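The values are calculated or read from the model by the stated rules, or taken from the named source; none is laboratory data. Nothing here was measured: the structure is a model prediction, and the numbers come from that model. Please note: Cβ atoms are built from the backbone with ideal geometry, for glycine as well, and neighbour counts cover all protein chains shown.
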């Protein structure tokens, strides 16, 4: 279908890509796959929209150049060092394995040596852009397997650049020049080019970037121009534009603007890479699929299975758990954009036949398509294959077990799953209140931080089928999940149920819909950080607007103090705090749940979370804040009395039997609440105030430990006796009993 102009053609292609992308979102399919499908549909095998191949190829090349520029921009040699020798070992090991066995398979398929070499090289490299995108979407970039994967992908990127240099050398050689001289000439050009870039990166680029940083637009324009200029220089010197763009990124990697540039260019890169995937799909000649189907299937199976296997073998021998090796291995189960660049260069140089280019393209499409789903559903895939993968794990996976710091501390108050920003905040406050916490995460840096703080930590995550054997769930009162990913939270609930966990679970929701879903699935508490923080922020702002004076012509200051739950002032009346007597500071107002209480009287009770507006001199205010926020003397964190549950029998008599709960006023007189009644085989849940008690009833009550203990000892009423020989007090939240 011939369109009137190139502009209309590109508009139609973008419209088709947007339509298929929206369909992919609806069907929860990866956008990469949908963009490739758009290319196939727009290409000669489909609607035939694409006629201006040169324009689309140009946009695709610019996208690839920007991709390599950002790869160079983010090149961090420290990352390879921090992930240890595993990145280098797996990167080089996978390259050697894939290239050798790929060469033998290609030769076995009847290809000549040169074409087989190109196929072997193409099978070697994995897609950095696809892996980074998928790991980022799954929030696994900071995980151990994510860091290792990024490490060996960088090793592959460096090897790919070397391969491009070698191929460029072969392409630039003429008949009048010997092969050795050609190699030396190209190597000399490359070393000179590299030396110039290093000099500019050392002396010129940082100063120029600082001058341009005053305008973000100019800094971004400079970065793109620098990438294109060095790309053009690389092409003029006989290399490729991709090598020049990569070195341009490396030259800016040491500046403080690398993160900002990477962020600002990511959108442009993704837009231009859209044309790369469309170009990739459009080049798939369905007419040769029949003849290339079997070779492509064999090579694709080799990449999809062989590459992960070699990574798992190497990582298993180096002391990593099979799950880490499996998840890292899946990231090399496809061939990359580098592979297609290498194949296109070989076709342009006349080294390979169009059929070989089609074969590599078909393998690329197939492996990218299948591996995308393998990575997205890696957890389920591991659950299925976990028993068979035991051969890839040493008896003592020391590199990961060394990260664990489990100590036998008896009862664990909280198993905290996830030590990110929100999880770390929860851990900090739990430790301040004297709670026993076991932290779980797959980020080695987070584990090390809390291990240094003396907290027990464990490397892993709740999606691991073997997590039941690693966690002391029988000693845990609570399991708290801090991730805001719906599927992972629901999976964690299912996993805990299968593990036989009998304690309580708290989850973190991103919105009200998720909160309702988690409660229905069995969560005891659901946190909503965004909603809670927004509500508190609005309260703070409203209080500041309404209660803090704009200007005061007097040497006094105002301060808002929030009462923490651990403060000695929490739960006390204003007169008992003795703040005015000790500091001379007055309480002007108290904000509670969005409502302001002005000029509170001496009997006004202060509760945790209240925000007090106080007035005085700066010195007085500091002393007053200490009084309001410090914990009680002689009482450590977490020393507050907790609720307990007990069962009491009602015996015949006049004071209790025959009277209603309202007449007995349990809550007012006894300090406990009746939450249930056992009457023979009948259970009355949450009885109302008109419920009349009869002799033989068994009351289930909840209250403070002291109040329930008084009832159990019969101090308040002889007609209420402990059920059985002793009063079994079940502490709220931990399942323990004591007599």
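Within the range 25-47, residues that are under 14 Å from residue 15 (Cα atoms) have Cβ atoms under 7 Å from residues that are at pLDDT below 80 and surrounded by fewer than 21 Cβ atoms within 10 Å (Cβ to Cβ) in these pairs: 47/1, counting only partners at least 6 apart in sequence or on another chain.
Kindly indicate whether residue 205 is within 21 Å of residue 155 (Cα to Cα), in the same structural domain as residue 163 (by TED's automatic domain parsing) and touching a helix residue (DSSP H, G or I) at 6+ places or on another chain (Cβ under 9 Å). In short, no.
Out of 383, 408, one residue alone is at pLDDT below 85 and under 22 Å from the mean Cα position of the chain (by Cα). It is 383.
Note on the range 108-129: residues that are closer than 19 Å to residue 163 by Cβ and assigned to a helix (DSSP H, G or I) total 14.
Candidates 185, 158: the one that is assigned to a helix (DSSP H, G or I), modelled with pLDDT of 65 or more and under 27 Å from residue 98 (Cβ atoms) is 158.
Against the numbered list (1) over 30 Å from the mean Cα position of the chain (by Cα); (2) at pLDDT below 80; (3) assigned by TED's automatic domain parsing to the domain that holds residue 323, residue 74 comes up short only at (1).
Residues in the range 571-628 that are under 22 Å from residue 532 (Cβ atoms) and surrounded by fewer than 19 Cβ atoms within 10 Å (Cβ to Cβ): 10 in all.
Looking only at residues that are surrounded by fewer than 21 Cβ atoms within 10 Å (Cβ to Cβ) and part of a helix (DSSP H, G or I) in the range 307-332, which one is modelled with the lowest pLDDT? Across the range 307-332, the extreme among qualifying residues is 317. Quick check on the range 388-404. Is at least one of its residues farther than 20 Å from residue 508 by Cα, at pLDDT 80 or above, assigned to a helix (DSSP H, G or I) and within 23 Å of the chain's Cα centre (by Cα)? No - not one qualifying residue is present in the range 388-404. Failed condition for residue 329, given (1) closer than 16 Å to residue 61 by Cα; (2) without any contact (Cβ under 8 Å) to a residue 24 or more places away in the chain, with all others met? Against the list (1) closer than 16 Å to residue 61 by Cα; (2) without any contact (Cβ under 8 Å) to a residue 24 or more places away in the chain, residue 329 comes up short only on (1). Note on the range 1-34: among residues that are outside any helix (DSSP H, G or I) and surrounded by fewer than 17 Cβ atoms within 10 Å (Cβ to Cβ), the one that is nearest to the chain's Cα centre (by Cα) is 28.
Would you confirm, using the coordinates I've provided, whether residue 522 is in the same structural domain as residue 415 (by TED's automatic domain parsing) and surrounded by fewer than 14 Cβ atoms within 10 Å (Cβ to Cβ)? Considered against the rule, which asks whether it is in the same structural domain as residue 415 (by TED's automatic domain parsing) and surrounded by fewer than 14 Cβ atoms within 10 Å (Cβ to Cβ), residue 522 comes out as no.
With respect to (1) closer than 23 Å to residue 372 by Cβ; (2) in contact (Cβ under 8 Å) with a residue 60 or more places away in the chain; (3) outside any loop (DSSP other than H, G, I, E, B), the lone exception for residue 61 is condition (1). Just checking, which of 516, 538 is loosely packed, with under 13 Cβ neighbours inside 10 Å, modelled with pLDDT under 85 and either over 20 Å from residue 615 (Cα atoms) or in contact with a strand residue (DSSP E or B) (Cβ under 6 Å, 6 or more places away or on another chain) (or both)? The match here is 538.
Among the residues that make up the range 672-686, is at least one of them surrounded by 13 or more Cβ atoms within 10 Å (Cβ to Cβ), touching a strand residue (DSSP E or B) at 6+ places or on another chain (Cβ under 8 Å) and assigned to a loop (DSSP other than H, G, I, E, B)? Within the range 672-686, not a single residue is surrounded by 13 or more Cβ atoms within 10 Å (Cβ to Cβ), touching a strand residue (DSSP E or B) at 6+ places or on another chain (Cβ under 8 Å) and assigned to a loop (DSSP other than H, G, I, E, B).
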